[in-house]
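The values are calculated or read from the model by the stated rules, or taken from the named source; none is laboratory data. These numbers were taken from a predicted model, which means no experiment stands behind them. Ideal geometry is used to build each Cβ from the backbone, glycine not excepted, and the neighbour counts take in all protein chains shown.
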Amino acid sequence: MGATVVGSVEMPVEFHRPDASGPAIRLLGPLTVERGDIAIKLPASRKVRALFAYLALSPNPVTRSQLCELLWDVPNDPRGELRWCLSKIRSIIDEPARQRVITSGDTVRIDLSDCATDTVQVAQAVHDGLAAVPVARLRVLVDLFRGDFLEDVDVDRNHTFNNWLTAQRRRFRACHTAILEHAVQAMPEDEAVVHLDRWLELSPFDQRVHEILLRTLARRNRIREGEEHVVATIRLFEAEGLDPASIRELWRVVRAQPADGSAIPEPVIAATPIPAAERAAGRDILPAARRASIAVMPFTERGAGADAGGSAGGLAHDVITRLAKLRSLFIIAQGTVFALHERGVGPEAAGRLLNVDYVVSGSLQRTSDRIAVSVELAETRTARIVWAEVFNQKLDDAFAVLDEIGNRIVASIASEIETIERNRAILRPPSSLDAWEAYHRGLWHMYRFSKSDNERATHFFETSIRLDPTFSRAHAGLSFTHFQNAFQGWTKRGPETDRAYEAAGQSLLADDRDPAAHWAMGRALWLHGRHDQSIVELEQAIDLSPNFALGHYTLAFIQSQAGDPEAAIRASDHSRHLSPFDPLLFAMLASRAMALVRLKRFDEAADYGVKGAARPNAHAHILAIAAYSLMMAGRVEEARAHMAAIRKSIPQYGVKNLLTAMQLDPVGEALFRDAAKRLGTG
């Protein structure tokens, strides 16, 4: 396709780890096993090679029945054939003093911990983060790829193994692409250009590689080759129904830059390329403000009787719809991802083609009485799997089970992305933040739950609003910081309550379909003592997005004090079910404890109070709930220990502080006052 900038640079291969006493195993390309520099002759049987590769990548022991199912299509004696294959593998990697094929009962595994294995090295580098990999190590990683994973092995008529093989090939192709991208960006240009053609071959629709290639050609004054590449790329994009306008615009900008490379403009390819079908539907204008973008690929259905358009496709559609309802992410429309899937484009390639930050993929498998859904969330440009889960449930009611699994998938994806974006934003210089990054920098400080961090959070939310006044989440975050000031008693309650209400109102004006805007307004109304209106706003947040865990938690928080304690317990449990690692998990647990106190189930209340107090960033009010619940349960020494922990930082803390922050009904207030009196803090 068009131009090439490849030179002839020889690079050393450093595959054999100095700490590896066992053989070197290569799975990226044709399967090879080497001792020293001598290749071991491998059995001709493709099933031996397939079994070896499968066990080499399995993190846990595998049952013999699973292996028989995987590789033998109704053989006469599957277990006998498995034993024969394992004996051949032993002859390759076992030594008299070191057995690497390990059988225990009905399970089999291979221990390659003392071997140099290319897939292990690649997977570890991707898992740890390619941004931190030094150039010398990138060179080694690039050279590990001699072809596709297990290039010389296919097992005829065995769909289960071939599906696994296809998935692994896609996975390591994505790793290869990500490593090439980081190598090109980290290496000196004369060395980096060696890898551009291979990157382009692996990802012909990845606009980032076209951008780097065209910039390189322009800097080297190879304009004619650049023109040829643009023409060829436009033809390729149009043949696939993709809009090539961004390629034309990129070349126009690159051609205009100075020949010496000074004052190079920022990359112009920053928006998701839009297929022609979606342009016709009016989706050719993207929102001006940046959001993290995500593509949810259709899930595959595995097993006998799988229906390509059935439950798996429906689950992916539900996940797309529910993520869109959260209003915090830019979601690629269903039509686009389903069309790519039908053309055989895998999740990793689709992520790069669409230029999104994250890709979700998964599979669904039914048995007679259970359903298992496997889901992965991956960063597109690093190929790093940032979250993976298997939801395995009894199949009582298929629709209800899939609905529950869909809720958990959406809540987990949203939570994981928010955590990643928070952690990424905190590493960037404050002066370089855009509205999205400033908002997540604010969240990072907000979830520290200290006065100084709350002040920093306020600053970053205000920065985000200044950069994008229409960003409803930034207004909601600002409302939360004012809520915290009032609730924690860090400043005067009245003015901060008004500010929380005003910021929540601005959030609703910016986007009244954002559940976070209604959540912020519900909290602000509660500060004003308008309990019923607060409940209405929080229920509206949940109606807009049933997966919005903070909406369920805040309902629990309010109902636990002066509403329906049983409803509070249900809401608390549901919020933790949706977001089991939430930054506000301590408050979810403490809300359940307060509801249990009002029901006079003191032993349970104490247990949940202690769990809440043990969570990171649990503030003084949470520890107080634990202390007083413990006192009600008769666990006096534990109660005193929790109160002592509070008074290390707030010497005068007493029940008045807690009751001023909360809005307990008379029964609940009397119970807490009595416990405080017995504890000596009344």
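Which condition does R302 not pass, out of (1) closer than 17 Å to A167 by Cβ; (2) at pLDDT 85 or above; (3) of a type in the set (K, R), if it passes all the others? Looking at each condition in turn, R302 falls short on (2).
Take F205 and tell me if it is under 30 Å from F52 (Cβ atoms) and not charged (D, E, K, R). It would help to see each step written out before you state the result.
Working: under 30 Å from F52 (Cβ atoms): no; not charged (D, E, K, R): yes.
Here the answer is no, as F205 does not meet what is asked.
Name the residues in the stretch 337-348 that are surrounded by 22 or more Cβ atoms within 10 Å (Cβ to Cβ) and not charged (D, E, K, R), would you? Before the answer, list the steps.
Taking the stretch 337-348 first, the residues surrounded by 22 or more Cβ atoms within 10 Å (Cβ to Cβ) are 337, 340, 347-348.
Once the filter is applied, which keeps residues that are surrounded by 22 or more Cβ atoms within 10 Å (Cβ to Cβ) and not charged (D, E, K, R), the stretch 337-348 yields V337, L340, P347.
Quick check, is V360 in contact with a strand residue (DSSP E or B) (Cβ under 7 Å, 6 or more places away or on another chain) and closer than 24 Å to R208 by Cβ? Here the answer is yes, as V360 does meet what is asked. Surrounded by fewer than 21 Cβ atoms within 10 Å (Cβ to Cβ) and in contact with a strand residue (DSSP E or B) (Cβ under 8 Å, 6 or more places away or on another chain), is that true of D111? In short, yes.
For residues that are among the aromatic types (F, W, Y) and over 21 Å from A613 (Cβ atoms), tally how many sit in the stretch 537-592. Break it down into steps so the answer makes sense when it comes.
Pass one, the stretch 537-592, residues among the aromatic types (F, W, Y): 548, 553, 557, 581, 586.
Among the residues that remain, those that are also over 21 Å from A613 (Cβ atoms) are: 548.
Looking only at that region, the number is 1.
Just to be sure, is A476 crowded, with 22+ Cβ neighbours inside 10 Å and farther than 17 Å from F548 by Cα? No: the conditions fail for A476. Taking the stretch 352-374 as the range and being touching a residue at least 40 places away in the same chain (Cβ under 8 Å), outside any loop (DSSP other than H, G, I, E, B) and within 20 Å of the chain's Cα centre (by Cα) as the test, the residues that pass are R352, L353, L354, Y358, V359, V360, S361, G362, S363, L364, V373.
Quick check: is even one residue across the stretch 494-504 touching a Pro at 6+ places or on another chain (Cβ under 9 Å) and farther than 24 Å from A613 by Cα?
Within the stretch 494-504, the subset touching a Pro at 6+ places or on another chain (Cβ under 9 Å) is none.
Within the stretch 494-504, not a single residue is touching a Pro at 6+ places or on another chain (Cβ under 9 Å) and farther than 24 Å from A613 by Cα.
Six or more apart or on different chains, Cβ atoms under 6 Å: show the pairs whose first residue is in the stretch 449-472 and under 29 Å from R615 (Cα atoms) and whose second is β-branched (V, I, T). Short answer, once both residue conditions are applied: N454/T481; A457/T481; T458/T481. Test of understanding: among R428, R424, which residue is basic (K, R), in a helix (DSSP H, G or I) and at pLDDT below 95? After ruling out the rest, the residue left standing is R424.
Every residue, every condition in (1) under 19 Å from Y608 (Cβ atoms); (2) surrounded by 20 or more Cβ atoms within 10 Å (Cβ to Cβ); (3) touching a Cys at 6+ places or on another chain (Cβ under 6 Å); (4) among the basic types (K, R), yes or no:
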| residue | (1), (2), (3), (4) |
| --- | --- |
| M631 | yes, yes, no, no |
| V636 | yes, no, no, no |
| A641 | yes, no, no, no |
| P651 | no, no, no, no |
| A661 | yes, no, no, no |
| P666 | no, no, no, no |
